[in-house]
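Asks: Okay, here's the structure, questions in a sec.
No lab work stands behind these numbers, since they all come straight from the coordinates. All values derive from a computational prediction rather than experimental measurement. Glycine also receives a Cβ, built like all others from the backbone with ideal geometry; neighbour counts cover every protein chain displayed.
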Amino acid sequence: MLRNISLGTAVSEKVVLPNDTNHYSTIFGGTLLAWMDSTAFIAARKYAGNDVVTVSVDNVVFRSPLNVGDIVKISSHITFIGNTSIEVCVDVTSEKRKIIENAYFTFVNVDKDGKSIPVVQPSFKTKEEKEIYDMRKKQKECKKQAERLCLISS
Ligand SMILES: CC(C)(COP(=O)(O)OP(=O)(O)OC[C@H]1O[C@@H](n2cnc3c(N)ncnc32)[C@H](O)[C@@H]1OP(=O)(O)O)[C@@H](O)C(=O)NCCC(=O)NCCS
């Protein structure tokens, strides 16, 4: 049975507090990544219906700093489903600026012993969901090939 890919979405909002900042008084990147990871986890967990663990984070770009008091919105949606893996795109926006950061988090569907298990395959409601899925599939294949070449040359 197929599951609709749009089931895998999650949104959270946060306010930047003094403890979240670095010595420049802007947000510490690791804190923002943790917020993104937990929002993306919710999207992947909702789709998978059981436990998932983070295996990889790609294309992390910090575009603008965030300051104490800024309110950020973290939006996530699934872009690709592999055999055992689920890729989630995460965007961070603030009231003042459009995109602050975006990245792709990959989770693996696991059993109670932490072993990877197949994830249910997706169906699509819109043409755009399928186009994004096909594009991310190609990107994943390129990444795998690049990693293989990197291993060979090292
Ligand atoms: C996740 C884990 C169970 C996978 O183990 P595994 O099944 O032996 O690993 P595999 O190499 O077979 O890969 C499993 C899936 O992850 C994907 N994957 C592995 N490395 C990846 C990478 N660098 N980038 C993207 N996807 C990756 C594989 O493509 C595969 O997906 P597919 O089945 O959809 O094709 C294991 O690596 C693990 O336990 N990692 C630690 C997770 C963790 O502690 N995370 C932090 C806290 S949540």
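Asks: Fully extended, how many nm does the chain gain between Asn83 and Thr54 (0.36 nm per residue separation, minus their Cα-Cα distance)?
Replies: Working: separation 29, 0.36 × 29 = 10.44 nm, distance 1.51 nm.
Answer, rounded to one decimal: 8.9 nm.
Asks: List the GluC sites (Glu not before Pro) within region 1-98 that fall in a DSSP loop (any state other than H, G, I, E or B) and whose Cβ has at most 12 other Cβ atoms within 10 Å. Spell out each step's value before the answer.
Replies: Working: sites: Glu13, Glu87, Glu95; in loops: Glu95.
Sites meeting the loop and neighbour criteria: Glu95.
Asks: Can you work out ³J(HN,Hα) from phi for every residue in region 84-101, in order, using Karplus 6.51 cos²θ - 1.76 cosθ + 1.60 and θ = phi - 60°, giving whole Hz and x for Gly and Pro?
Replies: 10, 10, 10, 9, 10, 8, 10, 10, 10, 10, 10, 4, 7, 10, 6, 7, 8, 7
Asks: Report the normalised scattering of region 1-74 as log10 I(q)/I(0) at q = 0.12, 0.18, 0.25 Å⁻¹, calculated by the Debye formula with identical scatterers on the alpha carbons.
Replies: Treating every Cα as an identical point scatterer, log10 I(q)/I(0) equals -0.41, -0.79, -1.17.
Asks: Which order do the peptides 101-108, 1-8 come out in when sorted by mean C-beta neighbours inside 10 angstrom, highest first? Numbers along the way, then the final one.
Replies: Values: 101-108: 22.1, 1-8: 15.5.
Sorting 101-108, 1-8 by mean packing, highest first, produces 101-108, 1-8.
Asks: Something else about it: Show that you can apply the helix-only estimate: for the chain, add -39,500 (n - 2.57) for every DSSP H stretch of four or more residues, divide by all residues, and state [θ] at 222 nm to the nearest 500. List each step's numbers first, then the result.
Replies: Numbers: 2 runs with 47 residues, N = 154.
So the calculated ellipticity at 222 nm is -10500 deg cm²/dmol.
Asks: Tabulate in residue order the Karplus-calculated ³J(HN,Hα) for region 22-29, using 6.51 cos²θ - 1.76 cosθ + 1.60 with θ = phi - 60°, rounded to whole Hz; enter x for Gly and Pro.
Replies: Once rounded to whole Hz, the list reads 9, 6, 9, 6, 10, 4, 6, x.
Asks: If we sort 67-76, 139-148 on the protection proxy, mean other Cβ atoms within 10 Å, highest first, what's the order? If you can, show how the numbers build up before the last one.
Replies: Values: 67-76: 17.1, 139-148: 11.9.
Highest to lowest by the protection proxy: 67-76, 139-148.
Asks: In terms of modelled amide H atoms, which long-range or inter-chain residues lie less than 5 Å from the amide H of Val110?
Replies: Asp51, Val52, Val53, Ile117
Asks: Quick one: in the chain, what % of C-alpha pairs are over 27 Å apart? Walk me through the numbers before you get to the answer.
Replies: Details: 3413 of 11781 pairs.
Every Cα pair in the chain considered, those over 27 Å come to 29 percent.
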